[in-house]
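Rule-based calculations on the coordinates, nothing more; no lab input. Computed from a prediction, not measured in an experiment: that's the story for all the values here. Methodologically, a virtual Cβ is constructed for each residue, glycine included, from the backbone with ideal geometry; neighbour enumeration extends over all protein chains shown.
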Amino acid sequence: MSFLTLDLNLLRVFDAVMTEQNLTRAASRLAMTQPAVSNALKRLRDTLNDELLIRTAHGVKPTQHAEELWPVVRRALTDLETAITPETFDVSRAHTTFQMAMADATAALWLPALVRTIERNAPQMNLRMVPLTTRDPRQMLLRGDVDLAVGFFPGVAAQLAGGQTTSASPIHHERLYTGEYVCVMHKDHPLANQVLTLDNYCASHHLLVSFSGRAHGLIDETLAAMGRERRILLTVNQFFTAGRVVSSSDLLTVLPRHLIGATGMTDVLVARELPFPTPAVHVDMLWHERDARNPAHKWLRGHLSETAHEKFNLIDPEDED
């Protein structure tokens, strides 16, 4: 192969397909027909003498050569785009709609300040909230169902932390802040004025906030490691509901401390330290590679990052991955 005869447009197609991991979405991104995208990939395969992308039931899977090639192509295209079209962005004229996924309590914390900023500085920007029903929203981002997800995604963050975005997972993340778990009960609960011990904790009835409805969570795994268990009488899928139920019952629940206020029940709820160690609650922001350089998307991410730093003042926001 001679680089002098290489059609550089084929690299743009390759980049779009690697980003979207789907020929139809790549075609839409490029304003091309799917047959045209397929034909461009065939030409690039012939040129590079490699399959590059193999069709699967869920889209396309890159070969090892494609995995190695894509970061180089992505970086080169980004540098070229920056040089040719210097970034100019006027948020006051931005006319765009974002789909965001958050749990109810997380949305209650973020949205008031964000809406005030949009009304003041970005009057033509719109937000659409999508229910967050999973601790792993990567498929929602890959399918384009949402533009941004904010929440506690322990498995996802662990995989992405310290790593580079790859074609296997073109998801970016930024740590917004770190909190802690506490035991929450109504202020007249029999345990409210006692030292919370492992024995009286396990002897109580519990409420679990579970997006999936599964009556087993991180706390249960921690207890199992100590040879203990608790009885989960009720599972709910909203933090607000958890606050309402706990405020009028003798159920205990475990919540991130920073989300207690979002229940609207702070005047009748109390928080107590758990009688066993638990992992920190890391709240992360996730987005797809396709939006990494979108000026409006960058503005939105920047606002959330600054809000976290000012509102919680718990950690310095980490650099984007």
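Tabulated values for the structure
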quantity	calculated
Label of the coordinate-derived value, Cα extents along the principal axes in Å, listed as [x] 111, 57, 30; [y] 79, 48, 30; [z] 118, 47, 31	[y]
Gain upon complete extension [residue 309, residue 49; 0.36 nm per residue less C-alpha separation]	88.7 nm
Cβ-placed point charges (K, R +1; D, E -1), dipole of the chain about Cα centre in debye, nearest 20	760
Extreme residue, positive dipole direction of segment 3-84, given options 66, 9, 40 (C-beta unit charges)	40
Segment 250-293 versus segment 1-61: alpha-carbon centroid distance in Å	43
Three-way shape call for segment 181-272 based on the alpha-carbon gyration tensor, with the a/c threshold at 1.5	oblate
Karplus-derived 3J(HN,Hα), 6.51/-1.76/1.60, for each residue of segment 143-156, Hz, glycine and proline x	6, x, 5, 9, 9, 7, 10, 10, x, 9, 10, x, x, 5
Convex hull volume per residue for segment 3-84, taking Cα atoms only, in Å³	96
Helix axis angle, 295-311 relative to the chain longest principal axis, alpha carbon, degrees	30
Whichever aspartates and glutamates have a C-alpha closer than 19 Å to that of residue 61, once near sequence neighbours (fewer than 8 apart) are set aside	15, 20, 46, 50, 51, 289
Cut-off 14 Å between beta-carbons: net charge of the residues surrounding residue 5, Lys and Arg +1, Asp and Glu -1	-1
Phi to ³J(HN,Hα) by Karplus 6.51 cos²θ - 1.76 cosθ + 1.60 over segment 187-196, Hz, x for Gly, Pro	5, 9, 5, x, 9, 5, 10, 10, 6, 7
Hits among lysines - C-alpha to C-alpha of residue 298 under 19 Å, sequence gap 8 or more where chains match	none
Beta bridges per DSSP with both ends in the chain, % antiparallel, nearest 5	60
Fewest-first sequence of 180, 273 by Cβ atoms within 10 Å of each Cβ	273, 180
